Amino acid sequence: MSDRSQEKTYTLITGASMGLGKALARECASRGRNLILVALPNEGLGEVAETLRSEFGVAVVIFETDLTGPEAPEKLAAEVKSKYRVNSLINNAGIGGTMPIELASLSYLNTIIMLNIRALVVLTHQLIPELKTHPRSHILNVSSLAAFSPFPYKTIYPASKSFVLSFTRGLREELRPTPISVTSLNPGLILTNADVMFRSSVHGKKTGMAALSPEAIARIAINGMLNGKAVVIPGFFSKLSRLLMQILPGSIQMRILANIYRKECEHLVAEKEAYQFQDRMNP
């Protein structure tokens with residue numbers, strides 16, 4: 001085997017073409033980190049890469065692929081490992097939405113499970129041997145504030161993010177003797193996300209006031225990752241929400257959340273719109 005120790009190292013980020021993923025890519029580039037960016041085809045990933053190259057002088061490689069496809073994460077991991085040295089993995093890609101479970105199609109449910117859970121686990125599993133070859137390496141898994149509680153009318157999304165949090169915390173302890181530090185990012189609402197705009201229109205401006213910008217969350221996330229934190233919850237309101245989740249009895253939480261998201265669903269039915277949207281990190 002050839003000696004690759006002098007080759008460039010890269011941070012791999014999924015869901016990197018927009019929202020939090022794009023902000024994470026920019027934050028890493030601003031710190032001089034070379035990037036491998038992954039996103040769906042035709043989402044402007046090439047333009048994102050070119051901007052980062054010209055502005056920060058870092059190497060940027062792109063892969064346009066649908067990680068929900070059969071064996072897509074395995075194929076991506078194999079190609080990346082054959083060509084590049086990866087010392088940080090940021091599993092950001094994810095999808096979610098608000099919808100009564102009985103109205104959700106099987107393809108909708110499968111997509112959430114395949115992307116939020118399977119793609120994240122497979123990429124992590126396949127890249128651990130590579131990450132172990134570095135003096136210090138990192139895994140950042142983007143979970144959600146929703147991971148700490150079930151959400152009626154969202155059901156599958158918070159359940160998938162609870163999986164991510166549990167998986168990340170267990171993996172962190174398992175990999176403690178290795179050079180790999182594992183961190184869970186659990187943000188709340190993200191400013192400018194379609195979900196936040198919708199909730200502001202339904203629930204009022206206070207919803208939007210609790211949101212943070214993708215750039216602010218990215219800065220907090222990368223600091224937390226590099227400092228080896230186990231769980232990162234960005235923002236005062238998110239930390240307060242987490243505290244309330246711990247204090248309030250589960251039955252009361254469920255009633256409150258059910259009222260909130262039932263209102264969203266009723267609004268959607270009235271508008272005759274199917275509210276399904278890609279959500280890169282958001283509860």
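Side notes on the structure shown:
- For segment 81-109, the residues whose backbone nitrogen is under 17 Å from a point 7 Å from the Cα of GLU174, taken along Cα to Cβ, are 89, 91.
- A Förster radius of 22 Å combined with the Cβ-Cβ distance from SER107 to ASN42 puts the calculated FRET efficiency at roughly 0.65.
- Pairs beyond 18 Å (Cα-Cα), from LYS22/LYS161; LYS81/LYS132; LYS8/LYS83; LYS8/LYS132: LYS22/LYS161
- Of the peptides 96-104, 180-188, the ranking by mean beta-carbon count within 10 Å, highest at the top, reads 180-188, 96-104.
- Shown here is the pair-distance distribution of segment 51-166: with all Cα-Cα distances grouped in 10 Å bins from zero up to the longest one, the shares run 12, 37, 32, 15, 3 percent.
- Among 49-58, 170-179, the order from most to least packed when residues are scored by Cβ within 10 Å on average: 49-58, 170-179
- Taking label points 7 Å from Cα along the Cα-to-Cβ direction, ARG53 and ARG136 give a separation of 3.0 nm.
Values quoted throughout were computed directly from the atomic coordinates according to the rules given, and no laboratory measurement underlies them. Since we're looking at a predicted model, the values are computed, not measured. Using ideal geometry, Cβ is built from the backbone for each residue, glycine included, and neighbour counts are taken over all protein chains shown.
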